[in-house]
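Peer 1: There's a structure below that I have some questions on.
The values are calculated or read from the model by the stated rules, or taken from the named source; none is laboratory data. In this text the structure is predicted, and so the values were computed from the model without any measurement. Here the Cβ positions follow ideal geometry from the backbone for every residue, glycine too, while neighbour counts run over all protein chains shown. When the accessible area is computed, the model is the full protein with side chains, heavy atoms only, and any ligands, DNA or RNA have been set aside. Shrake-Rupley method; radii C 1.70, N 1.55, O 1.52, S 1.80 Å.
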Amino acid sequence: MLLAELFPYAHLIFNILTVLYALTVLAVIVVILGENRNPVKSMAWVLVLLLLPVLGLVIYLVFGRSLKGMGLISRSDLRELRRMSDISEGKGLADDLSVESQQIVSLVNKLVVPHMFVGNDIDVFTTGKDKLDSLMRDIEAATDYIHVQYFIIENDETGGPLLELLMRKAREGVQVRVLYDYVGSFYFKPKLLRQMRAAGIEVHPFLELTLMQFAFRLNWRNHRKIVVIDGKVGYVGGMNIANRYVVGDKKWSAWRDTHLRISGEAVAALQYSFAIDWNFTTRKLLTNPTMHYDTPPASNEYRIQMMSSGPTDRWKNISFVFFKAITLAKRQVYIQTPYFLPSESLLKALQSAALSGVDVRLMIPDRPDSLMLRLATGSYIKECLLSGIKIYLYEPTVMHAKVVIIDDDFVTTGSTNFDFRSFEHNFEFNALIYSKELNRKMKEIFDADLQQCTRVSMGKWKQRPLMQKALESIVRLISPIL
């Protein structure tokens with residue numbers, strides 16, 4: 001009564017808002033159904049909208065929208081980048097690979113800009129210190145430009161000296177450009193940004209969150225880790241710039257991760273990916289040339305394709321490649337990942353491979369950095385064990401490597417975790433290497449890591465507490481948005 005006296009039109013306003021909200025929810029439901037998603041996901045979102053008034057709409061705006069088909073860069077800028085980049089289809093360069101690897105090559109050429117790079121050298125790093133020392137040496141030697149892109153850059157004992165070096169190189173006249181993910185590097189302080197810009201560094205956050213954009217940007221993160229130096233040397237892998245990868249933190253010793261240093265033609269693809277993200281963030285088109293190799297390479301040993309993936313792609317690029325590689329496997333599938341939350345199709349692919357006699361091994365951390373993700377991962381272990389998949393828990397510290405090794409001549413590593421977020425929501429980047437030599441080296445690293453693992457047995461797994469089992473089942477329900 002008091003409300004009606006104070007606001008004589010309150011009832012009318014309430015009715016109007018209710019109708020507007022109902023029309024908004026109805027429009028969202030029409031959009032969801034029109035996207036022809038997985039029926040289970042579509043129904044889940046419809047139920048969220050209907051059963052959770054207002055809150056359901058907020059949850060959908062943050063986690064449920066699809067960006068498929070949206071362009072990060074204009075078509076004219078994309079054409080110009082392709083013209084400037086030393087990227088070609090590389091026809092005939094895969095003819096002597098196994099039939100299975102040739103199929104992966106063909107798939108990648110359909111999903112992204114067709115390319116196959118030869119004449120490359122690769123250094124593999126499994127410790128953050130070795131990778132950081134190498135990166136600092138290459139940056140010190142830079143004469144033209146340095147492009148840096150990381151999900152996390154922290155101004156700690158690890159990141160501080162690197163940032164100081166970048167500022168010094170910028171003062172010396174080297175073009176330094178830095179991209180960082182706004183959420184991943186949330187504690188990047190404004191004072192540090194001002195110092196970097198005053199030194200001449202162009203530095204920008206990817207998908208910066210503001211009050212107006214919060215709901216529309218929070219779920220889409222740039223998880224890539226790419227460095228390009230003078231178009232000659234590139235870095236790609238799973239390590240960010242932070243203490244946890246080099247000296248460890250309060251909970252763990254230095255995290256176990258994998259990163260690559262690549263020199264040769266494949267650096268052009270790293271530059272191409274960085275240029276697209278730079279254009280999206282700054283609306284500026286990079287004109288730095290990549291290296292052009294006028295003479296045929298002496299060796300085709302390290303043949304590389306580069307694969308970007310993100311929520312704007314028509315297909316789930318890296319997920320498709322993983323699925324194809326696993327289903328083609330004849331002997332081995334070795335996987336290292338910090339989080340194991342596979343899609344239904346990838347889970348079935350792994351189970352089918354194991355049931356058909358392929359040696360499928362999955363290495364995950366005994367204690368990951370996230371309790372929620374640990375519980376979600378645990379919900380998949382029983383059905384993996386039942387199919388014959390061998391699961392190993394890495395004990396010394398956090399296993400943060402993202403590696404897939406198939407048979408004798410295929411390896412992929414990069415920023416992609418084996419989980420929903422990497423496959424559907426994050427911007428990721430992986431190197432795909434076709435090489436018996438690198439395959440053998442990565443298997444040796446995998447075998448060395450096995451010596452520090454405990455294999456999960458079905459008998460022991462069944463003995464875990466009932467509360468843990470219940471929590472795993474509950475968390476699994478929301479695993480697609482973790």
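Peer 1: From the protein chains alone at 1.4 Å, what is the descending order of accessible area for Ser273, Ser76, largest first?
Peer 2: Ser76, Ser273
Peer 1: May I pose another question? Report for the stretch 224-365 the percent antiparallel among DSSP-assigned beta bridges with both residues inside it, nearest 5.
Peer 2: 65
Peer 1: Ranked highest first by average number of other Cβ atoms within 10 Å, how do 127-137, 330-340 line up? It would help to have the intermediate numbers written out before the result.
Peer 2: Details: 127-137: 17.0, 330-340: 22.4.
Order by mean packing, descending: 330-340, 127-137.
Peer 1: Kirkwood hydrodynamic radius (Cα pairs, Å) of the stretch 151-285?
Peer 2: When all Cα pairs of the stretch 151-285 are included, the Kirkwood radius is 15.9 Å.
Peer 1: Could you give the accessible area per residue of the stretch 142-233, probe 1.4 Å, as a whole number in Å²?
Peer 2: The answer is 44 Å² per residue.
Peer 1: Roughly to the nearest percent, how much of the accessible area of the stretch 98-140 is carbon and sulfur, given a 1.4 Å probe?
Peer 2: Answer for the stretch 98-140: carbon and sulfur cover 50 percent of the accessible area.
Peer 1: Something else: Give me the 1.4 Å probe accessible area per residue for the stretch 298-438, excluding ligands and nucleic acids, in Å². Let's see the in-between values first.
Peer 2: On the way: 4240 Å² over 141 residues.
For the stretch 298-438, the solvent-accessible area averages 30 Å² per residue.
Peer 1: Could you calculate the FRET efficiency of Gln103 with Asp144 from 1/(1 + (r/R0)^6), where r is the beta carbon distance between them and R0 is 22 Å, rounded to 0.05?
Peer 2: Computed FRET efficiency for Gln103 and Asp144: 0.05.
Peer 1: Separate question: Mind giving me the FRET efficiency for Lys443 and Leu477? R0 is 35 Å, r the Cβ-Cβ distance, nearest 0.05 is fine. Write out the running numbers ahead of the final one.
Peer 2: Working: r = 36 Å, r/R0 = 1.03.
Efficiency at R0 = 35 Å is approximately 0.45.
Peer 1: For a protection proxy built on the mean count of beta-carbon atoms within 10 angstrom, sort 152-158, 322-328 highest first, please.
Peer 2: My ranking of the peptides, most packed first, is 322-328, 152-158.
Peer 1: Also, quick follow-up: Whenever you get a sec, compute what percent of the accessible area on the stretch 149-283 sits on carbon and sulfur atoms (1.4 Å probe).
Peer 2: 56
Peer 1: Hey, another quick one. Work out the P(r) tail for the stretch 385-440: percent of alpha carbon pairs separated by more than 13 Å, whole number.
Peer 2: 70
Peer 1: Using a 1.4 angstrom probe on heavy atoms only, work out the carbon and sulfur share of the accessible area of the stretch 405-482 in %.
Peer 2: Numbers: 2000 of 3380 Å².
Solvent-exposed carbon and sulfur of the stretch 405-482 make up 59 percent of the total.
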